[in-house]
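A quick write-up on the structure given underneath.
We did not get these values from a lab; they are worked out from the coordinates using the rules stated. On a predicted model such as this, the values are computed, not experimentally measured, just so you know. Cβ atoms come from the backbone with ideal geometry, glycine included; neighbour counts cover every protein chain shown.
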Amino acid sequence: MKRKAKTAWVYFIAVVILAAGFILSSNAIRESQSSKAALSYYGSRGREVIEIQKRLKAWGYYKGAVDGIYGYQTYQAVRYFQSKNGLKVDGIAGKATLYALGLPTGTTQYNRNLDLMARVIYGEARGEPYEGMVAVGAVVLNRVADSRFPNTIPGVIYQPGAFDVVSDGQINLTPNDTAYRAARDALNGWDPTYGCIYYFNPATATSKWIWSRPIVVKIGKHNFCK
């Protein structure tokens with residue numbers, strides 16, 4: 001009787017160990033798949049690659065076709081972008097690189113960026129033509145891509161003295177639907193400023209320095225310059 005009980009106990013322990021191993025293995029596979037889905041690399045294809053190419057092309061890092069194929073030109077463009085933005089230069093569009101590009105590394109982060117962009121646009125350009133609202137968002141993204149500025153959207157927006165809406169509290173106003181739409185258009189690559197990193201209202205600007213910047217385009221009440 002004792003032998004049967006001992007055998008049953010051994011079988012029970014073996015089943016528990018096998019079940020635990022299966023669970024751990026399944027979790028590891030899911031984590032691996034999740035990690036892989038969070039980045040693009042040489043040979044990848046799909047929508048994320050298209051968005052990467054669109055951002056890099058709009059900011060002058062990529063000269064090839066926006067075809068959704070992560071080939072050599074995309075690989076080199078990603079490396080160039082990484083080197084200019086203080087990121088690990090490995091040619092892989094991982095979470096940090098995607099974040100610096102303004103691309104979602106997860107729904108929550110994307111929504112935070114979208115909301116912050118909409119708040120800046122609403123505070124800085126409500127009442128301006130729609131193109132002018134998108135242009136303000138484009139300036140934020142152009143700064144993200146420029147090594148002279150922080151390499152994230154929050155970093156650019158909250159850089160001391162960068163935007164009046166932060167210092168005067170208008171960043172906390174609730175954006176309207178138009179501001180959110182303009183933020184999405186900017187994040188999707190529309191740049192009415194042609195790469196500008198500054199803008200100002202000539203009727204209210206007091207800085208002599210800003211007047212020294214070459215003006216590229218005028219939209220509504222704002223001059224956009226480099």
Describe numerically, in nm with one decimal, the distance between label points set 7 Å from Cα along Cα→Cβ at SER147 and at TYR80. 1.3
A correct Stokes-Einstein calculation for region 91-168, using the alpha-carbon Kirkwood radius, 10 °C and 1.306 mPa s, returns a whole-number D in µm² s⁻¹ of 123
So what is the relative contact order of region 40-169, in percent, for Cα pairs below 8 Å that sit 6 or more residues apart? 20
Checked region 107-225 against the a/c 1.5 cut and the a/b vs b/c comparison, axes a ≥ b ≥ c from its Cα gyration tensor; verdict rounded
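Pairs of alpha-carbon atoms within less than 8 angstrom and 6+ residues apart define the contacts here; what relative contact order does region 157-226 have, in percent?
26 percent.
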So, with +1 on the Cβ of K and R and -1 on the Cβ of D and E, and no other charges, what is the size of the charge dipole of region 47-100 about its Cα centre, to the nearest 20 debye? 140
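Based on the Kirkwood radius over alpha-carbon pairs, what value in µm²/s does the Stokes-Einstein equation return for the translational diffusion coefficient of region 47-100 at 25 °C and 0.890 mPa s?
After rounding, the answer is 229 µm²/s.
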Note on region 152-194: alpha-carbon gyration tensor, axes a ≥ b ≥ c; rule is a/c under 1.5 for rounded, else prolate if a/b larger than b/c, else oblate; result oblate
Calculate the length of the line joining the C-alpha centroid of region 57-106 to that of region 111-145, in whole Å. 22
